[in-house]
Amino acid sequence: KWKGEGTTPNLESIVIGRCYEYIRIVNPSVGEKNCTKIWEAFKKAFMNKDPCNILPSDYELFINLSLHTIPPNKSLFWENNHLLVTSYSDRTRRYMPLCDTLIGSFGDFLNWCGQANDTGFNYDSCPTTEECENNAVETFWKIASITYAKQSSGAIYVMLNGSAIGGAYPVKGFFADYEVPNFQKDRISQIEIWVMDDIGGPDLDSCGRGSVQILEERLKTMGYDITCIDNYKSVLLLKCLDYLNHPDCSIVSSAPSTQKGLVSSD
Ligand code: ENP
């Protein structure tokens, strides 16, 4: 019926497993949580309802039950960099983007929807954002983004993609629409933007240019202390793992201890 993919098979097992893994192994500092109860609250948000009419308030109990603090200087916002952010954050060890919070772990890489007058999931298809914006997944990320932005403090990091077709900073997107407006000005010391180009990809946007300039100006007008870095070295090193000899990765290949150098005996 719908154009989008259906509910991820075994959703309940995945999500309850992720929840216990999160509170026991990934981030035990969140304290005791009842993952079964959180799952019930999550399900209640969209089950047995019109899949195109799910509102942020439907997830309220779920959010309240799964909320935990985000340490200062650990927030990482992003657009068009999902897999890079997942590896770079290293499951909260380096940074704590929304997908590395307990709330985010209920949605990351997953899909779900229910149907009106039916207590089951729709495993066949779910509405896309084009079909209706108030679908279960879109609304989930909306309320999760708002909550995450409100809790973020200290230095804030933003990873953008300078090779993204629609611009590194989409002026309509979760970051622009639900995160920036919910920053708590008095708790944020500075904002650092990293614009990462694809290796061998086009340099469409960069600091001070195009859509990044629009973001920089927006944040400055709001009174924030902004730094913008093109191809931030630490993230570039990670991107270059698979492109050691590419000219864009000369930062890696020109290093004195190249593999060749290490094995050669003369
Ligand atoms: P995309 O379109 O690059 O990537 C969407 C993928 O990232 C989906 O697999 C989605 O999970 C997962 N994801 C993880 N965190 C978020 C998220 N936080 N979010 C939407 N999807 C998320 O990402 P977007 O749409 O541009 O969203 C990026 C936003 O995430 C930024 O605002 C960033 O600051 C924020 P699933 O369940 O849909 O398969 C908020 C919205 O953290």
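The values are calculated or read from the model by the stated rules, or taken from the named source; none is laboratory data. Computed from a predicted structure; not experimentally measured. Heads up, the Cβs are rebuilt from the backbone with ideal geometry, glycines too, and the neighbour counts pull from every protein chain shown. For the accessible areas, the whole protein counts, side chains as well, though only heavy atoms, and no ligand, DNA or RNA atoms are used. Shrake-Rupley method; radii C 1.70, N 1.55, O 1.52, S 1.80 Å.
Descriptive notes on the structure:
- Filter result (in a loop (DSSP other than H, G, I, E, B) and within 10 Å of the ligand (Cβ to nearest atom)) within the range 59-78: 75
- Residue that is nearest to residue 128 (Cα to Cα) [pool: residues in the range 31-51 that are surrounded by fewer than 16 Cβ atoms within 10 Å (Cβ to Cβ) and in contact (Cβ under 8 Å) with a residue 24 or more places away in the chain]: 50
Conditions (1) under 30 Å from residue 49 (Cα atoms); (2) surrounded by 17 or more Cβ atoms within 10 Å (Cβ to Cβ); (3) more than 9 Å from the ligand (Cβ to nearest atom), marked per residue:
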| residue | (1), (2), (3) |
| --- | --- |
| 80 | no, yes, no |
| 89 | no, yes, yes |
| 126 | yes, yes, yes |
| 152 | no, yes, yes |
| 174 | yes, yes, no |
| 184 | no, no, yes |
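- Some residue of the range 130-138 being acidic (Asp, Glu), near the ligand (Cβ under 9 Å from one of its atoms), open to solvent by less than 20 Å² (accessible area, probe 1.4 Å) and at pLDDT 95 or above: no
- Only one entry of 54, 38 meets the criterion of being in a loop (DSSP other than H, G, I, E, B) and either under 28 Å from residue 116 (Cβ atoms) or more than 21 Å from the chain's Cα centre (by Cα) (or both), and that entry is 54.
- Selection of the range 20-35 for residues being assigned to a helix (DSSP H, G or I) and within 15 Å of residue 92 (Cα to Cα) yields 21, 22, 23, 24, 25, 26, 28, 29, 30.
- Residue in the range 156-165 that is surrounded by fewer than 17 Cβ atoms within 10 Å (Cβ to Cβ), assigned to a strand (DSSP E or B) and out of contact with any Phe, Trp or Tyr (no Cβ under 8 Å at 6 or more places or on another chain) present: no
- Checking 199, 146, 193 one by one, the residue that is β-branched (Val, Ile, Thr), touching a helix residue (DSSP H, G or I) at 6+ places or on another chain (Cβ under 9 Å), open to solvent by 20 Å² or more (accessible area, probe 1.4 Å) and under 21 Å from residue 251 (Cβ atoms) is 199 and no other.
- Subset of the range 91-108 [touching a residue at least 24 places away in the same chain (Cβ under 8 Å) and either open to solvent by 40 Å² or more (accessible area, probe 1.4 Å) or β-branched (Val, Ile, Thr) (or both)]: 91, 92, 101, 103
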